[in-house]
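Peer 1: After the structure tokens below, expect a handful of questions from me.
The values are calculated or read from the model by the stated rules, or taken from the named source; none is laboratory data. Predicted, not measured: the structure shown is a model, and the values here were computed from it. Here the Cβ positions follow ideal geometry from the backbone for every residue, glycine too, while neighbour counts run over all protein chains shown.
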Amino acid sequence: MTSVADPRPTLRLVSPTASREMALLVAILVVGAVFTIASPYFLTVNNLVQTLRAGLELSIVAAGMTLVIIMGGIDVSVGGILAVSAIVIGKSYQAGLPAYLVAPLGLFAGTTLGAFNGLIITKLKVPAIIATLGSMYVFSAIMFLVIGGAWISGLPGTLSPLVNGWIGFVPASAIVIAAVYLAAWIVLRKIPFGNHVYAIGCSEQSARLVGINVDRTRILTYAFLGFLAGLAALLYVARLRNVEINIGTTIALEAIAATILGGTNIRGGVGSLLGTLLGVAFIRIMQNGLVLTGISSLWETVIIGSLLVVVLTADALRNRNNPRAQ
């Protein structure tokens, strides 16, 4: 069997990701300082914990999105996957199923829909952006057909301690996020599958030449993102105990933004889970601070959009000046 060299030592350069992470950390500290001065409620334990809990679903989805983008793909349908998974969870609860059956059903729904995207992309050779854009509309239609424009409410709080509880002096949400990112780090760094994800993002043709099963890796990566979307749906229901009609409408774009802001190259081959987590923190802190200071949330969109343009432009210039990055 042909051995596959680990591409990460040459692809995961310290400068692109580490410098982006440091810049993002400084930005978080600066923004946090501004909001602390502007609002006496920002730097309080209660507000920080609520911000952490509000970022739980985005953190989990963004971890999976990081793998997909490192591989050179993208998924704009993940909000629809989260919504359909949440509906499966909500309807299962309403049918009287216990939590130990509801949880696997939600995870299975998300994983299946993610794998469905991977199959369309690999077997039908549809570009990822087109395939997942189509899936987004299909999943949204399913959601509205099933719930009929009404909320699913009054769901049991069996799993609420996973989100709203504490383990000692640590919020349970922080433990969940740490566990998800540890699992994603193991996938990327400690098993051959992670090598394959990086190799495909660097050069799909070269990956095929060294014997990597590109189609299988791509399907599994999209399935992994779907699984995490299902997990996010489960925690969303646990946190709010209902399913809203507008669930998941912005999470795909926020996850993509957090991933790119954190240093993952939109072309693939380079990525940082730590950077993604910092990107999520920046987005949620920005949203929270704007609410507390009474500033229109439209400014959050302007700021994040402007940062994305700057980051993507910088990446494009670096790729142009560095032939090895192309």
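Peer 1: Looking at GLY275 and the list (1) at pLDDT below 90; (2) under 16 Å from the mean Cα position of the chain (by Cα), which single condition is not satisfied?
Peer 2: (1)
Peer 1: The conditions are (1) touching a residue at least 24 places away in the same chain (Cβ under 8 Å); (2) touching a Phe, Trp or Tyr at 6+ places or on another chain (Cβ under 9 Å), and THR249 fails exactly one of them. Which is it?
Peer 2: (2)
Peer 1: Quick one: which helices (runs of 4 or more DSSP H) lie wholly within the range 1-65 and hold at least 3 residues that are at pLDDT 90 or above and under 25 Å from the mean Cα position of the chain (by Cα)?
Peer 2: Helices (runs of 4 or more DSSP H) meeting the threshold: 14-38, 45-54.
Peer 1: Further question: Can LYS125 be described as basic (Lys, Arg), within 19 Å of ARG239 (Cβ to Cβ) and either more than 19 Å from the chain's Cα centre (by Cα) or surrounded by 15 or more Cβ atoms within 10 Å (Cβ to Cβ) (or both)?
Peer 2: no
Peer 1: If you don't mind, another one. I want to confirm something. Restricting to the range 282-303 and keeping residues that are in a loop (DSSP other than H, G, I, E, B) and on the phi < 0 side of the Ramachandran plot, which single residue is modelled with the lowest pLDDT?
Peer 2: Among those residues, the one meeting the criterion is SER297.
Peer 1: Now for a separate question. Being touching a residue at least 24 places away in the same chain (Cβ under 8 Å) and within 20 Å of PHE227 (Cα to Cα) narrows it down to one of ALA199, ALA174, ALA178, ALA150, so name that one.
Peer 2: Exactly one residue qualifies, and that residue is ALA174.
Peer 1: Conditions first: (1) within 25 Å of VAL214 (Cα to Cα); (2) surrounded by fewer than 20 Cβ atoms within 10 Å (Cβ to Cβ). LEU43 passes all but one, so which condition is the exception?
Peer 2: With (1) within 25 Å of VAL214 (Cα to Cα); (2) surrounded by fewer than 20 Cβ atoms within 10 Å (Cβ to Cβ) applied to LEU43, the lone miss is (1).
Peer 1: Right, another one. Any idea which of GLY80, GLY134 is in contact with a Ser or Thr (Cβ under 6 Å, 6 or more places away or on another chain), more than 24 Å from GLN50 (Cβ to Cβ) and surrounded by 13 or more Cβ atoms within 10 Å (Cβ to Cβ)? Walk me through it before giving the result.
Peer 2: Details: GLY134 fails: in contact with a Ser or Thr (Cβ under 6 Å, 6 or more places away or on another chain).
That would be GLY80, the only listed residue that is in contact with a Ser or Thr (Cβ under 6 Å, 6 or more places away or on another chain), more than 24 Å from GLN50 (Cβ to Cβ) and surrounded by 13 or more Cβ atoms within 10 Å (Cβ to Cβ).
Peer 1: Among the candidates LEU228, LEU253, single out the residue that is on the phi < 0 side of the Ramachandran plot, among the aliphatic types (A, V, I, L, M) and at pLDDT 95 or above.
Peer 2: The conditions single out LEU228.
Peer 1: Now for a separate question. Any residue at all in the range 209-228 that's within 30 Å of PRO98 (Cβ to Cβ) and over 14 Å from the mean Cα position of the chain (by Cα)?
Peer 2: The answer is yes, given that some residue of the range 209-228 is within 30 Å of PRO98 (Cβ to Cβ) and over 14 Å from the mean Cα position of the chain (by Cα).
Peer 1: Might you let me know whether the range 254-266 holds any residue that is crowded, with 19+ Cβ neighbours inside 10 Å, more than 30 Å from ASN164 (Cβ to Cβ) and of a type in the set (Gly, Ala, Ser)?
Peer 2: yes
Peer 1: Further question on the same structure: Just checking, which of LEU278, LEU273, LEU234 is of a type outside the set (Val, Ile, Thr), surrounded by 20 or more Cβ atoms within 10 Å (Cβ to Cβ) and within 17 Å of LEU188 (Cα to Cα)? Explain how you work it out, then say what you get.
Peer 2: On the way: LEU278 fails: within 17 Å of LEU188 (Cα to Cα); LEU234 fails: within 17 Å of LEU188 (Cα to Cα).
Checking each option against the conditions leaves just LEU273.
Peer 1: Across the range 281-299, what is the number of residues that are within 15 Å of VAL30 (Cα to Cα) and not aliphatic (A, V, I, L, M)?
Peer 2: Within the range 281-299, the subset within 15 Å of VAL30 (Cα to Cα) is 281-290.
Of the ones still in play, those that are also not aliphatic (A, V, I, L, M) are 282, 284, 287-289.
Final tally of qualifying residues: 5.
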